[in-house]
Amino acid sequence: MSSPQTTDAAYYLPLGVTAGYEHFTPTQSTVSVWTDSMQHGGPPSALLVRALEGLTQVPGMSISRVTVDILGAIGLSQNRTRAIVTRPGRQISQATAELDVLGPDGRFRTAARATAWLLASTDTAELVTPSEVFGAATEDTAGGAPPDWIAMGWATTGFISSVDFHRLGAGSSRPNLTWLRSRIHLVEGETASPLSRFACVVDIANGLGSTLSPREWTWMNTDTTIHLHRPPTGEWFGVDAQLVRGERGFGYTAADLFDQAGSVGRSSQTVLLTRLPV
């Protein structure tokens, strides 16, 4: 059975373009599990990737790495994005996108930034590292969020309620591998690219990799870096994640990433560990 259906058709409603910025209204489907006054990291990451993909690039270039840094709470007021090429090139290029949030003083502040490396695409099929292929979820096998998340109420509101989950579980060579699919559009009236849809759900790796009790701890990530060895395809994406915890209040989450054709790449996230008050 799928998780509860969201009422929103998209994470963002388009408001138009002014002075090189695209403006959006975030919907309730972007809301974080940690507080209902800010967005989960997934939809803003996807919106930033969308901005990067919208740049005019040299033909034959592909995004090989993207890092999203969360610079502050990404609020639910008007958002805007803009992307620029910061290092042009025919074989190696760098692009940066920023997401700004409208503050109560009427000014925008930058709340997230994505930096991407784009590399020239050539035929290296003879060098491909073999990858195991895992069966992705289907409409019939997709289920709800992890039990702890359901108990916390995370699965019925906000971003998590817009995502289908399917964990392979015992009997698989990767029992923690979880297939994810967002059920709604990124921007109303648009069909998002596979890379944007992929970026939207990869942020969830931090939650899937944790074995901590959400009643005792928070584990918020400050960033997400995705390394790709090929572009992702399809709608379902697999995440096999582990949260590594340190003794000084922080750690990191590392995840192997898949689509239905096999391995796509790897992600890492810096994590702040905080004990909740008793």
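With the requirement that a residue be of a type in the set (S, T, N, Q) and more than 22 Å from Ile74 (Cβ to Cβ), what does segment 214-262 give you?
Quick first cut of segment 214-262, residues of a type in the set (S, T, N, Q) only: 218, 221-222, 224-225, 233, 242, 253, 260.
Passing the criteria: Thr233, Gln242, Gln260.
Please determine, by comparing only the residues of segment 243-274 that are out of contact with any strand residue (DSSP E or B) (no Cβ under 6 Å at 6 or more places or on another chain) and in a strand (DSSP E or B), which one is nearest to Thr211 (Cα to Cα).
Restricting to residues being out of contact with any strand residue (DSSP E or B) (no Cβ under 6 Å at 6 or more places or on another chain) and in a strand (DSSP E or B), the top hit is Ser263.
What number goes with the only condition from (1) over 23 Å from Pro130 (Cα atoms); (2) surrounded by fewer than 23 Cβ atoms within 10 Å (Cβ to Cβ) that Ser172 does not pass?
All conditions pass for Ser172, except number (1).
Suppose we filter segment 78-125 for residues that are surrounded by 13 or more Cβ atoms within 10 Å (Cβ to Cβ), part of a strand (DSSP E or B), polar (S, T, N, Q) and more than 19 Å from the chain's Cα centre (by Cα); how many remain?
Summing the residues that are surrounded by 13 or more Cβ atoms within 10 Å (Cβ to Cβ), part of a strand (DSSP E or B), polar (S, T, N, Q) and more than 19 Å from the chain's Cα centre (by Cα) in segment 78-125 gives 2.
Are there any pairs, at least 6 apart or on different chains, whose C-beta atoms fall under 8 Å, with the first in segment 151-169 and more than 11 Å from Leu180 (Cα to Cα) and the second part of a strand (DSSP E or B), and if so, which?
Hits for this filter: Thr157/Val31; Gly158/Val31; Phe159/Tyr11; Phe159/Val31; Phe159/Gln39; Leu168/Thr178; Leu168/Trp179.
Residue-wise test of (1) closer than 20 Å to Met38 by Cα; (2) among the aliphatic types (A, V, I, L, M); (3) assigned to a helix (DSSP H, G or I).
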site	(1), (2), (3)
Ser161	yes, no, yes
Gly169	no, no, no
Asn176	no, no, no
Trp179	no, no, no
Leu186	yes, yes, no
Phe198	no, no, yes
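Under 15 Å from the mean Cα position of the chain (by Cα) and among the hydroxyl-bearing types (Ser, Thr, Tyr): does that describe Ser268?
yes
Being modelled with pLDDT of 95 or more and more than 19 Å from Phe159 (Cβ to Cβ) is the requirement here; does Leu15 meet it?
yes
In segment 237-255, how many residues are touching a residue at least 60 places away in the same chain (Cβ under 8 Å) and surrounded by 19 or more Cβ atoms within 10 Å (Cβ to Cβ)?
4
State all residues of segment 220-242 that are in a loop (DSSP other than H, G, I, E, B) and not hydroxyl-bearing (Ser, Thr, Tyr); if no residue qualifies, say none.
Within segment 220-242, His229, Arg230, Pro231, Pro232, Gly234, Glu235, Trp236 meet the criteria.
The values are calculated or read from the model by the stated rules, or taken from the named source; none is laboratory data. Keep in mind that this is a model prediction, so the values were computed, not measured. We place every Cβ from the backbone using ideal geometry, glycine too, and count neighbours over all the protein chains shown.
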